[in-house]
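*Asks:* Below: one structure in structure tokens.
The values are calculated or read from the model by the stated rules, or taken from the named source; none is laboratory data. On a predicted model such as this, the values are computed, not experimentally measured, just so you know. Methodologically, a virtual Cβ is constructed for each residue, glycine included, from the backbone with ideal geometry; neighbour enumeration extends over all protein chains shown. For the accessible areas, the whole protein counts, side chains as well, though only heavy atoms, and no ligand, DNA or RNA atoms are used. Shrake-Rupley method; radii C 1.70, N 1.55, O 1.52, S 1.80 Å.
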Amino acid sequence: MNEHAPPPTLSERADELEEAMMHQLTERIATKSTWCYLADGKVAMADGMALLAANPGKHFLMGADPRLPAMPEKPTLLDFFRARFAATSHLLQSATHALKGGQPEKVVLACLLHDIGVASFIRCDHGYWGAQMIEPYVDEEVAWAVRMHQALRFFADPSVGYEYPELYIKAFGADYKPEPYIVAEYERARNHKWYMTSRLITMNDIYSFDPDAKVNLDDFVDIVGRNFKQPKEGLGFDNSPSSHMWRTLMWPTRFL
Ligand SMILES: [Fe+2]
Ligand SMILES: [Fe+2]
């Protein structure tokens, strides 16, 4: 490298980075986890030795997957919103609804985060996954509310005008009955001091997904800043009980 050359511009550095990452994928083998096979209806896992034999001279990917949007070294919650959460409009619409309804910030935050389990990686029991991801960083009540919305959304509360969602009849059939663990969870939640916080998630949950709704993540930057304890090391590198979950989202095709 010519030591008298001007330092690279930001866009030159981005180009270099992208080229290095594309090169890396030709050198590296990205692997799917067992979970991905299960979702295809197969009980299977990647056969490491067979993959190495089929790709002579290559090694397994042990970091960022160049096919995915790059993440900064110290990612924030908003970076995950922009680069890993597949569909954020529903979250933004729900949080906007809560904001316009004059709800306190912790309820707006709970609405903004209530379905990040689904938006980032898993549908089954998404309320539990989402709550676990955010637990180290938010008020205990917010994580509790996100966890319990999993059960509460299946049960009407006429006293606050919450009906069983029409969408669920269409989605799950008129004869769908929540499993006993969900019924038991509902009963625990119903008698809890924070019941209404979780109920407010279900009341602001937008079931009529409007593709034209005008929503903007920027509207929530301050609320996130005040209510989500962003670790200075970056989400995933702060040694919290859920940092492995954030790292896995960041590097979903790492071999180990
Ligand atoms: Fe949900
Ligand atoms: Fe939702």
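*Asks:* Name the residue, out of Leu152, Leu167, that is closer than 30 Å to Asn227 by Cβ and at pLDDT 95 or above.
*Replies:* Leu152
*Asks:* Could you check Ala87 against (1) within 22 Å of Trp251 (Cα to Cα); (2) open to solvent by 10 Å² or more (accessible area, probe 1.4 Å); (3) more than 14 Å from ligand 1 (Cβ to nearest atom) and say which number it fails?
*Replies:* (3)
*Asks:* In addition: Find the residue count for segment 182-231, including only residues that are among the hydrophobic types (A, V, I, L, M, F, W, C), open to solvent by less than 70 Å² (accessible area, probe 1.4 Å), within 16 Å of ligand 1 (Cβ to nearest atom) and under 19 Å from Leu91 (Cα atoms).
*Replies:* Matching residues across segment 182-231 total 4.
*Asks:* Name the residue, out of Phe172, Phe121, Phe154, that is open to solvent by 50 Å² or more (accessible area, probe 1.4 Å), without any contact (Cβ under 8 Å) to a residue 40 or more places away in the chain and not small (Gly, Ala, Ser).
*Replies:* The match here is Phe172.
*Asks:* Being modelled with pLDDT under 95 and open to solvent by less than 60 Å² (accessible area, probe 1.4 Å) is true for just one of Pro7, Pro56, Pro75, Pro66. Which residue is that?
*Replies:* Of Pro7, Pro56, Pro75, Pro66, the one residue that is modelled with pLDDT under 95 and open to solvent by less than 60 Å² (accessible area, probe 1.4 Å) is Pro66.
*Asks:* Would you mention how many residues in segment 123-182 are among the β-branched types (Val, Ile, Thr) and away from ligand 2 (no atom under 16 Å from the Cβ)?
*Replies:* Final tally of qualifying residues: 3.
*Asks:* Would you mind stating whether Leu91 is in a helix (DSSP H, G or I), under 22 Å from Gln230 (Cα atoms) and in contact with a His (Cβ under 9 Å, 6 or more places away or on another chain)?
*Replies:* Yes; evaluated as a whole, the condition is true for this residue.
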